[in-house]
Amino acid sequence: MIEASGLVKRYGAKTAVAGIDLAVRPGRVTGFLGPNGAGKSTTMRMIVGLDRPTAGTVTVDGRAYRDQPAPLREVGALLEARAAHRGRTARNHLRVLAATHGIPDSRVQEVIDLAGLDAVAGKRVGGFSLGMGQRLGIAAALLGDPATLILDEPVNGLDPDGVRWVRTFVRGLAAEGRTVFLSSHLMSEMAQTADDVVVLGRGRVLAAMPVAQLIAGAGSRVVVASPRATDLADLLQRNGATVSPGEEGRLDVAGLAASAVGDLAASAGIALHELTTVGSSLEEVYMSMTADDVEYRSSAAPSASDA
C-alpha cells in the first residue's frame, strides 16, 4: 500500500505538489491522472526517494522507500524508460540491476520473456525503439517480483498489442493482491485498466475514488436526431432543457430524461430518428474536471483567413 500525507514539493518559488493525501490500495489498479505539470511525475519520484518532500510523508507498506532493506524486491518502478546505458545489451542491463540484490540470472530470463524481449535481449539498448525501451523498463521494474509496482506512462510508444499486454498484465498483478499505481494520458485505456483513479490539478488532488463512481457522478445526457432539429431544440429549451449541437447533426440534451424528450417531440408532431441516453466517458469527466487546471495550453490552429 502506498500512503501519502500532506505531501508537498517546492522548487524555489514553484510549488509542484501542494499537500497531497492519498492511499493506493493493494489488489487494485489505481490510475494517476492529470495534465502536464500537474505534479504526477514529481509525486512518483517522491514515492521512490528520487525527490525529497518539502513537507509531509510518503510510505510504501508503512516504510519510506529509503528504509526498504531490498527496494527492488518491494517496489518496482518505471519512471524513465531510457534510464539504461545505451552501450549495454538489454540482458546485461537487467543483469547489472539484478546483481545489486542478488537476483539470479534465471529471473532475468523470466522478465525478458514476460516483457516480450527475447528476440532483442542481445542487442544494445541504444538502438531500441521507444516501445522496446518501454518494455525494457517494465522488465526492470519486475525484476524483484515486487509487491508494489509504480509505472509512469507505461504504454507510451507501445503498439496496440503492447498496450493490451500492459493492461492484461497489470490487472493480473492486482488480482494477485499487489499494489499497482500507473499514470497515463490515454483515457480510453485507463477506463479499461484502472479500478480507482487519483486526479491531480496544479499539484492538488481533485478526485480520488473508483472509476465507476467518478463517471456515475457526472450523470448522463440524451442524444437525439430529427429532421426538424431546429424546431426540436427550441421546444426542448422552452421546457427547461439545455441543448447543444452534437456529432453528425445530432443534439445533446441535458436536463430532461429521454422519455420526456420523446413525449415532447410526439406532442409537437416532430419525428425522431434517434433517441439515446449516453453516460459520460472517463475522458469527458476528466476534461471537465481539469479544464481550469491545465498549465500548458496549445495555441489554436491557424484558420484559413490567418494564412
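The values are calculated or read from the model by the stated rules, or taken from the named source; none is laboratory data. Small disclaimer: the values here were computed from a predicted structure and weren't measured. Here the Cβ is made from the backbone with ideal geometry for all residues, glycine too, and neighbour counts use every protein chain on show.
Is there a residue in the stretch 208-223 that is outside any strand (DSSP E or B), touching a Gly at 6+ places or on another chain (Cβ under 6 Å) and either buried (at least 16 other Cβ atoms within 10 Å of the Cβ) or of a type outside the set (S, T, N, Q) (or both)?
Pass one, the stretch 208-223, residues outside any strand (DSSP E or B): 211-219.
Then keep just the ones that are touching a Gly at 6+ places or on another chain (Cβ under 6 Å); that gives none.
No: the stretch 208-223 contains no residue that is outside any strand (DSSP E or B), touching a Gly at 6+ places or on another chain (Cβ under 6 Å) and either buried (at least 16 other Cβ atoms within 10 Å of the Cβ) or of a type outside the set (S, T, N, Q) (or both).
From the residues in the stretch 218-240 that are touching a residue at least 40 places away in the same chain (Cβ under 8 Å) and small (G, A, S), which one is nearest to G31 (Cα to Cα)?
Top of the filtered list is A218.
Among the numbered criteria (1) among the hydrophobic types (A, V, I, L, M, F, W, C); (2) buried (at least 19 other Cβ atoms within 10 Å of the Cβ); (3) more than 21 Å from the chain's Cα centre (by Cα); (4) closer than 30 Å to T290 by Cβ, which one does I112 miss?
(4)
Please work out which one of (1) assigned to a helix (DSSP H, G or I); (2) more than 30 Å from E74 (Cα to Cα); (3) free of Cβ contacts under 8 Å to residues at least 60 places away in the same chain is the condition Q192 fails and give its number.
(2)
I need the full set of residues from the stretch 115-130 which are of a type in the set (G, A, S) and either in a helix (DSSP H, G or I) or surrounded by 14 or more Cβ atoms within 10 Å (Cβ to Cβ) (or both), in order please. Step through it out loud before you land on a result.
Start the filter on the stretch 115-130 by keeping residues that are of a type in the set (G, A, S), which leaves 115-116, 119, 121-122, 126-127, 129.
The answer is A115, G116, A119, A121, G126, G127.
Do you know which of the residues in the stretch 60-98 that are within 19 Å of the chain's Cα centre (by Cα) and surrounded by fewer than 19 Cβ atoms within 10 Å (Cβ to Cβ) is nearest to V24 (Cα to Cα)?
Step by step, filter the stretch 60-98, then rank; the result is L79.
Return the total of residues in the stretch 256-277 being loosely packed, with under 15 Cβ neighbours inside 10 Å and touching a Ser or Thr at 6+ places or on another chain (Cβ under 7 Å).
Of all residues in the stretch 256-277, those loosely packed, with under 15 Cβ neighbours inside 10 Å come to 257, 259, 263, 266-269, 271, 273-274, 276-277.
When the remaining residues are screened for being touching a Ser or Thr at 6+ places or on another chain (Cβ under 7 Å), the result is 271, 273, 277.
Residues in the stretch 256-277 being loosely packed, with under 15 Cβ neighbours inside 10 Å and touching a Ser or Thr at 6+ places or on another chain (Cβ under 7 Å): 3 in total.
For S288, work out the one condition from (1) among the small types (G, A, S); (2) assigned to a helix (DSSP H, G or I); (3) modelled with pLDDT of 90 or more it doesn't fulfil.
(3)
Of everything in the stretch 17-59, what is in a strand (DSSP E or B), surrounded by fewer than 19 Cβ atoms within 10 Å (Cβ to Cβ) and of a type in the set (S, T, Y)? Give them in sequence order.
Within the stretch 17-59, T57, T59 meet the criteria.
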